[in-house]
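What follows is a short report on a single structure.
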Amino acid sequence: MNKLVVVGTSTGGLNALQALLPALPQKFSCAVVVVQHRGKEPGSRLREFLQRSSLLPISEPEDKEPILPGHVYLAPRDYHLLVEPGNFALSTEAPVYFARPSIDVLFESAADAYGENVVGVVLTGANGDGARGLARIKQAGGLTVVEEPTTAQAPEMPEAAIAATKVDRVLPLSEIGLFLNDLCHRDHEVN
Amino acid sequence: MSERGVQAAGEGLEDIEVGLLLEGVYRYYGADFRDYAPASLKRRVREAMQREGLESISALQAKILHDTACLERFLALLSINVTSMFRDPSFYLAFRTKVAPLLRTYPFVRVWHAGCSTGEEVYSMAILLHEEGLYPRCRIYATDMNPEVLRRAREGIFPLASMQDYTVNYMRAGGKSFFSDYYTAQYDHVIFNPALKANLLFSEHNLVTDGSFNEFHVILCRNVMIYFNKTLQRRVHNLIYESLVMFGIFGVGNKESLRFTLREHEYDELDAENRLYRKVR
């Protein structure tokens, strides 16, 4: 059974994602969903920017779009991105801790919909978003991964996540891509 | 997901509790949220539970069914959405350049703004139509299911602090005047000019339970159906299709599309990027 990988990052996230995404090969068999904190102004070309580092196609999902393995999905600006069994859902509810998209909102919905098949990843960031969501993923039986705070451009977000739950893996940024690759690949072989 | 996809978690106790709560609210009060999109609905149910200081959704159900004040708070939490003036300026710019010329060919134009919330986008459209010289021949029917947000929409009073953002949006939307010409500031609020309200008609309408009430040349339903599940979306798409004149215009939010609906082939894309469609069959 394939996994759903959810990734949250804020300050320093562009560099971190540029390092993480190239490690995911074309045959990567999981779906990856990314929340990068971003402003609500149009025209950031974030998707195009990240696509240059990724072998997998990156898109900003539309409401009710099906979730497909081997794709990277980027939360669009000014919306919360949630997952439901089989598809995405969007929301314009109020920002959560000043963030829309919010990492907690994505993570909590992923834990609800996919339980033990979720892999939650918290990368660099200068606030506490993602900590609550990661705890929920852990509680629902999913796997939790946090970037080693000393390798993070902004350590607050990894530290908050580590404080909020008993994290399964704390890894330097350079190893997270390989770890995910290994995890999904191994997972695929077994089935 | 496909067969190769991720296995969704089974129905947990919480899902059952949410289902029972919604069923109870529908059967006892007639308010139907059973076909709302589950993920955001569940978030708001949990929030209601926390705000009421309760330990479980079952306890929330009991309180809502026995205490109408609690029901009112619950309904307000479920229906209030965040909106802004000229949200997604490029949508309004596209409306100005591509839709306004079409509307000039009609002697009279009926616009339905479905799910208008507190009215920010309704006043935005009134300003745009005014600047295009169309407003005197337009009537905008602005509807929402929530009487409280309609009351605020009718007032046309908004926080002064938002005007800076809205001015930027207005200019990006191709605004032809000074945005501040349209309102009067008083203390920390502004009130929009009464002339803008002349052809606005605010009324209660619930997309879930109410039917079509007129035939329209333009229907805007932006970021409303994202809160519905696919079954309810299909029903509302039918309602909208049936309420549009042939060659009528349909506008949705910029992350919504007709791609996953059955009505896709009955519309042409007037502006794909800005989600403006035209009914052609």
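Assessment of segment B:237-250 against the conditions (out of contact with any Asp or Glu (no Cβ under 9 Å at 6 or more places or on another chain) and on the phi > 0 side of the Ramachandran plot) yields at least one matching residue.
Against the conditions (1) more than 30 Å from B:Asp88 (Cβ to Cβ); (2) crowded, with 18+ Cβ neighbours inside 10 Å; (3) more than 9 Å from chain B (Cβ to nearest Cβ), where does A:Ala140 fall short? Just the number, please. The failed condition is (3).
Residues in segment A:83-98 that are crowded, with 20+ Cβ neighbours inside 10 Å and among the aromatic types (Phe, Trp, Tyr): A:Phe88 alone.
Summed over segment A:34-74, residues that are at the interface with chain B (Cβ under 10 Å from one of its Cβ atoms) and either in a loop (DSSP other than H, G, I, E, B) or touching a residue at least 24 places away in the same chain (Cβ under 8 Å) (or both) total 14. Just one residue in the set B:Ala142, B:Ala126, B:Ala114, B:Ala153 is in contact with a Gly (Cβ under 6 Å, 6 or more places away or on another chain) and within 19 Å of B:Ile219 (Cα to Cα); that residue is B:Ala153. Considering segment B:213-233, and only residues there that are within 17 Å of B:Ile140 (Cα to Cα) and surrounded by 15 or more Cβ atoms within 10 Å (Cβ to Cβ), the residue that is farthest from the other protein chains (Cβ to nearest Cβ) turns out to be B:His217. What pairs come up if the first residue lies in segment B:109-126 and is on the phi > 0 side of the Ramachandran plot, the second is buried (at least 23 other Cβ atoms within 10 Å of the Cβ) and in a helix (DSSP H, G or I), and their beta carbons are under 6 Å apart, counting only those six or more places apart or on different chains? Listed by first residue and then by second, the contacts come to B:Gly119/B:Ala153.
The condition (being surrounded by 13 or more Cβ atoms within 10 Å (Cβ to Cβ), out of contact with any Ser or Thr (no Cβ under 7 Å at 6 or more places or on another chain) and modelled with pLDDT of 95 or more) is satisfied by just one residue among B:Met246, B:Met163: B:Met163. For segment B:62-92, a residue qualifies if it is of a type in the set (A, V, I, L, M, F, W, C), more than 14 Å from chain A (Cβ to nearest Cβ) and within 18 Å of B:Arg43 (Cα to Cα), and the qualifying residues are B:Ile64, B:Cys70, B:Leu71, B:Phe74, B:Leu75. Out of all the residues in segment A:88-117, which are under 28 Å from B:Arg259 (Cα atoms), of a type in the set (D, E, K, R) and at the interface with chain B (Cβ under 8 Å from one of its Cβ atoms)? Across segment A:88-117, the qualifying residues are A:Glu93, A:Glu108, A:Asp112. For segment B:61-79, the condition of being over 29 Å from B:Glu273 (Cβ atoms), of a type in the set (Gly, Ala, Ser) and touching a Gly at 6+ places or on another chain (Cβ under 7 Å) holds for none of the residues.
Going by what's in this entry, would B:Phe250 be described as touching a helix residue (DSSP H, G or I) at 6+ places or on another chain (Cβ under 8 Å), in a strand (DSSP E or B) and of a type in the set (Phe, Trp, Tyr)? Taking the combined requirement at face value, the residue satisfies it. Checking B:Glu52, B:Glu47 one by one, the residue that is among the charged types (D, E, K, R) and touching a Cys at 6+ places or on another chain (Cβ under 7 Å) is B:Glu52 and no other.
Just a yes or no: is a residue in segment A:118-130 more than 7 Å from chain B (Cβ to nearest Cβ), more than 12 Å from A:Leu4 (Cβ to Cβ) and part of a helix (DSSP H, G or I)? Within segment A:118-130, not a single residue is more than 7 Å from chain B (Cβ to nearest Cβ), more than 12 Å from A:Leu4 (Cβ to Cβ) and part of a helix (DSSP H, G or I). Condition first: assigned to a strand (DSSP E or B) and either among the hydrophobic types (A, V, I, L, M, F, W, C) or under 19 Å from the mean Cα position of the chain (by Cα) (or both). Can you find one or more residues in segment B:230-238 that meet it? No, that holds for no residue. Regarding segment B:121-138, can at least one residue be identified that is in a strand (DSSP E or B) and either more than 28 Å from B:Phe33 (Cα to Cα) or not polar (S, T, N, Q) (or both)? Looking through segment B:121-138, at least one residue is in a strand (DSSP E or B) and either more than 28 Å from B:Phe33 (Cα to Cα) or not polar (S, T, N, Q) (or both). Taking A:Gln26 as the residue in question, decide whether it is under 20 Å from A:Phe179 (Cβ atoms), polar (S, T, N, Q) and either within 14 Å of chain B (Cβ to nearest Cβ) or in a helix (DSSP H, G or I) (or both). No.
Within segment B:12-61, the set of residues being facing another protein chain (nearest Cβ under 10 Å), out of contact with any Lys or Arg (no Cβ under 9 Å at 6 or more places or on another chain) and either aliphatic (A, V, I, L, M) or without any contact (Cβ under 8 Å) to a residue 60 or more places away in the chain (or both) comprises B:Gly12, B:Ala39, B:Leu41, B:Lys42, B:Arg43, B:Arg44, B:Arg46, B:Glu47. In this structure, does B:Thr105 turn out to be in the same structural domain as B:Cys138 (by TED's automatic domain parsing), in contact with a Gly (Cβ under 9 Å, 6 or more places away or on another chain) and surrounded by fewer than 20 Cβ atoms within 10 Å (Cβ to Cβ)? Spelling it out, it is not the case that B:Thr105 is in the same structural domain as B:Cys138 (by TED's automatic domain parsing), in contact with a Gly (Cβ under 9 Å, 6 or more places away or on another chain) and surrounded by fewer than 20 Cβ atoms within 10 Å (Cβ to Cβ).
The values are calculated or read from the model by the stated rules, or taken from the named source; none is laboratory data. Owing to the predicted nature of the structure, the values given are computational and were not obtained by experimental measurement. Quick reminder, even Gly has a Cβ in these numbers, built from the backbone with ideal geometry, and neighbours come from all protein chains shown.
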